Each structure stands twice: as C-alpha cells, then as structure tokens.
Amino acid sequence: MNLEFGRIADSLPYILEGIPITLKIVAAAALLGFSLGIILALFKITRIKLLNWIADVYTSIFRGTPLVLQLMLIYYGSPQIFGIQIEAVTAAFLSFGLNSAAYISEVIRAGILAIDKGQNEAAMALGVPYARSMWDIILPQAMKNILPALVNEFITLTKESAIVTVIGITDIMRRSYIVGGETYKFFEPILFAGLIYYIMVMVLTLLGKAIERRMRRSD
C-alpha cells in the first residue's frame with residue numbers, strides 16, 4: 001500500500017477546523033428536527049383529521065425524497081422562489097432539520113402510543129387538561145422509551161451532514177477533498193475525515209448511554 005500520511009500532516013489542522021462547522025449544522029438541525037417532530041407527532045395522534053392529514057403529507061414528502069435533493073432545492077431554489085439567496089449553512093440546517101423532523105415524529109408518535117392509555121384517562125378524571133397531561137405525564141415517559149432511537153437519529157444526522165459538500169460548505173468532508181486536490185493524495189485525508197466522524201459518533205453513542213442510565217436511575 002502506497003500511503004503517505006506525512007504529505008498531509010501539515011493540512012490536518014485545516015481539516016479539523018471543519019469540526020465546528022459540522023457541529024453547528026448538526027446542533028441547529030437536531031434542535032429544529034426535535035421541536036418540529038414533537039409538533040408533528042401530536043398532529044398524528046390528535047382526533048382532528050386535518051392535522052392528521054398535514055402531518056402525514058409532510059412525513060411522506062420528506063421521507064419519500066432524497067435528503068440531498070431537499071438540500072439542493074432549498075439552496076438553489078431559494079432565489080427563484082423567494083427572490084433571495086439563502087446562505088449555505090442556513091440551507092443545510094433547514095433541510096436536515098425538516099428532514100429529521102419527519103423521522104423523529106414517527107419515533108415520538110410510537111413512544112406516545114406505547115404509554116398505557118389508562119394514565120391519560122386517570123389524568124382526565126382528575127381534571128388535568130389534555131395539554132398539561134401530555135406535557136407533564138405522557139411525553140416524559142415516552143422520551144425515556146425512545147431515547148435510543150432518538151440518539152440513533154442524531155447519529156444518522158451527524159453522518160449525513162457530509163452531504164453539505166455539494167453546496168460548497170467547508171465542513172470536514174469538503175476540507176478533506178480540498179487537501180486531496182492540493183496534495184494529489186485523496187485516500188489519506190478522506191480516511192482522516194472518516195476517523196473524525198467515527199469519533200463524533202462514538203461520543204454521541206456514549207453520551208446517549210450515559211443519559212439513558214441516568215434516566216433509569218431516576219425512575
């Protein structure tokens with residue numbers, strides 16, 4: 001094997017500078033996806049048919065089309081649709097967040113439906129409003145059950161963030177491509193980028209397990 005990591009040694013700090021950009025996009029997208037996912041999940045379990053329909057159509061669109069297509073539509077389509085060019089980072093976290101919300105909504109919906117209906121009925125019998133019982137009683141229990149699935153979704157989001165290279169954001173992957181073009185050695189910088197993603201995923205995995213253990217002890 002003709003590997004020459006020494007030729008890219010001086011460029012490793014440049015690749016590492018892409019980590020904050022990647023984390024910024026992932027964090028913003030995760031927050032948007034989780035918040036919107038809760039709303040969509042509540043739409044899906046309500047008795048109001050219109051809200052059911054809106055949530056189902058939203059989910060079918062974002063789960064039925066490629067994420068890279070959604071990213072390119074938001075970024076390249078914004079000047080034609082809205083008359084302004086959305087910044088690349090904004091387009092990235094919007095597309096990732098909107099896409100993630102579709103998947104997270106299904107996870108949260110399943111978690112809510114797994115809770116014994118008797119708890120909600122007991123809350124209603126005690127005069128607790130539906131919204132309060134859902135927020136204080138049902139959702140906290142559902143979150144404990146779906147935590148592994150949520151962590152898995154955030155891990156997927158972290159790995160898929162590499163797609164932002166198609167719109168020119170200088171994240172980890174983009175910087176590794178640039179280094180490869182400058183040194184004519186592509187395998188080494190891309191392998192280094194893969195190691196960075198692997199470490200970030202492992203950190204998320206360990207963090208998720210730590211939170212899960214803590215939530216179990218609080219039962």
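A short reminder: the numbers here are calculations on the coordinates, not readings from a lab. What you see is a predicted model, and the numbers here were worked out from it, not measured in a lab. Neighbour counts are summed over all protein chains in view; Cβ atoms, including those assigned to glycine, are modelled from backbone coordinates with ideal geometry.
Of note:
- Formal net charge of residues neighbouring L51 (Cβ-Cβ distance under 13 Å; K, R +1; D, E -1): +3
- Span-rule helices in the chain, defined as complete DSSP H runs reaching 30 Å or more along the axis (Cα) with Kyte mean at least -0.5: 18-45, 88-113, 187-217
- Extension gain, S35 to V203, is 58.2 nm, computed as 0.36 nm per intervening residue step minus the present C-alpha separation.
- Ellipticity estimate at 222 nm from DSSP helix runs (n ≥ 4, -39,500 (n - 2.57)) divided over the chain, nearest 500: -26000 deg cm²/dmol
- Cα gyration tensor shape of the range 128-219, rounded if a/c is under 1.5, else prolate or oblate by comparing a/b with b/c: prolate
- Cα gyration tensor category, rounded, prolate or oblate, for the chain with a/c compared to 1.5: oblate
- Given charges at Cβ of Lys, Arg, Asp, Glu: the range 67-186 dipole, positive-most of A162, S176, A149: S176
- Taken about its Cα centre, the range 132-190 carries a charge dipole of roughly 80 debye when the Cβ of each Lys and Arg holds +1 and the Cβ of each Asp and Glu holds -1.
- Unit charges on C-beta of K, R, D, E only; dipole of the chain, Debye: 600 debye
- Label separation (A114 vs R7): 5.0 nm, computed from points 7 Å beyond Cα along the C-beta direction.
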